[in-house]
Amino acid sequence: MPTSPRRTLIITGASRGIGRAIAEEFARRGHRVVATARDPRSLADLDVSQRLALDVTDDASVTAAFAAAGDVDIVIVNPAEIFYAAVEAIPLTELQRLFNLNTVGALRVAQAVLPQMRARGEGKFRRQIQQPDSATTANLLSLSCTSSFIWSGTSIYTPWHVRYVPNWNTPYMR
């Protein structure tokens, strides 16, 4: 049983990594978890309430997923791809693709869910951010870090009654 009231969560990028681990943990705690991925077949073995296709780079996909999920209490935006390269070696097409996924995709999800949270007067929104382990890694991940950090600055300005949660180690996310 959950230590807090049962919540409905939607998690993007739940097919692997941190997104999958978050989905498993919240489901284990008894919450209603809606796991999403570009290819929902990758979620087949995940023990959650609902599995949906969601591509954060596509407006229609985001709209359809949120319509199918219904009202959600917590949104965890976890679209992330990493590109390892020195700044001078980053192809601009790759920069645009990753910004569309990591930054614009997160904004697209926020725009889909924040109106319902505002109307209800509550909600929680979390954008996962990749953190480099060292200066060397940060140099090779400069593109990925930049696309994430842009969103982290934007997240401070979520609407009233909707809480942006920058830290997992809070009772608010338990």
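The values are calculated or read from the model by the stated rules, or taken from the named source; none is laboratory data. In this text, all values refer to a predicted model and were calculated from it rather than measured experimentally. Please note: Cβ atoms are built from the backbone with ideal geometry, for glycine as well, and neighbour counts cover all protein chains shown.
Going by what's in this entry, would Arg32 be described as in contact (Cβ under 8 Å) with a residue 60 or more places away in the chain and among the basic types (Lys, Arg)?
Considered against the rule, which asks whether it is in contact (Cβ under 8 Å) with a residue 60 or more places away in the chain and among the basic types (Lys, Arg), Arg32 comes out as no.
Scan the stretch 70-84 and tell me whether some residue there is closer than 15 Å to Phe125 by Cβ, buried (at least 16 other Cβ atoms within 10 Å of the Cβ) and among the polar types (S, T, N, Q).
There is at least one residue in the stretch 70-84 that is closer than 15 Å to Phe125 by Cβ, buried (at least 16 other Cβ atoms within 10 Å of the Cβ) and among the polar types (S, T, N, Q).
Taking the stretch 10-28, which residues are under 13 Å from the mean Cα position of the chain (by Cα) and on the phi < 0 side of the Ramachandran plot?
Selection gives Ile10, Ile11, Thr12, Ala14, Ser15, Arg16, Ile18, Gly19, Arg20, Ala21, Ile22, Ala23.
Report the residue count in the stretch 55-74 for those that are at pLDDT 95 or above, under 14 Å from the mean Cα position of the chain (by Cα) and outside any loop (DSSP other than H, G, I, E, B).
Result for the stretch 55-74: 3.
Filtering the stretch 37-54 down to residues that are outside any loop (DSSP other than H, G, I, E, B) and of a type in the set (A, V, I, L, M), which residue is surrounded by the most Cβ atoms within 10 Å (Cβ to Cβ)?
Ala37
What are the residues in the stretch 85-128 that are in contact with a Ser or Thr (Cβ under 9 Å, 6 or more places away or on another chain), β-branched (Val, Ile, Thr) and surrounded by fewer than 19 Cβ atoms within 10 Å (Cβ to Cβ), if any?
Selection gives Val87, Ile90, Val104.
I'm trying to understand the selection: among the residues of the stretch 75-103, which are part of a loop (DSSP other than H, G, I, E, B) and not hydrophobic (A, V, I, L, M, F, W, C)?
Asn78, Pro79, Glu81, Tyr84, Pro91
Of everything in the stretch 17-36, what is among the small types (Gly, Ala, Ser) and assigned to a strand (DSSP E or B)? Give them in sequence order. Lay out the reasoning, then the answer.
Here is the first cut: in the stretch 17-36, the ones among the small types (Gly, Ala, Ser) are 17, 19, 21, 23, 27, 30, 35.
Correct list: Ala35 only.
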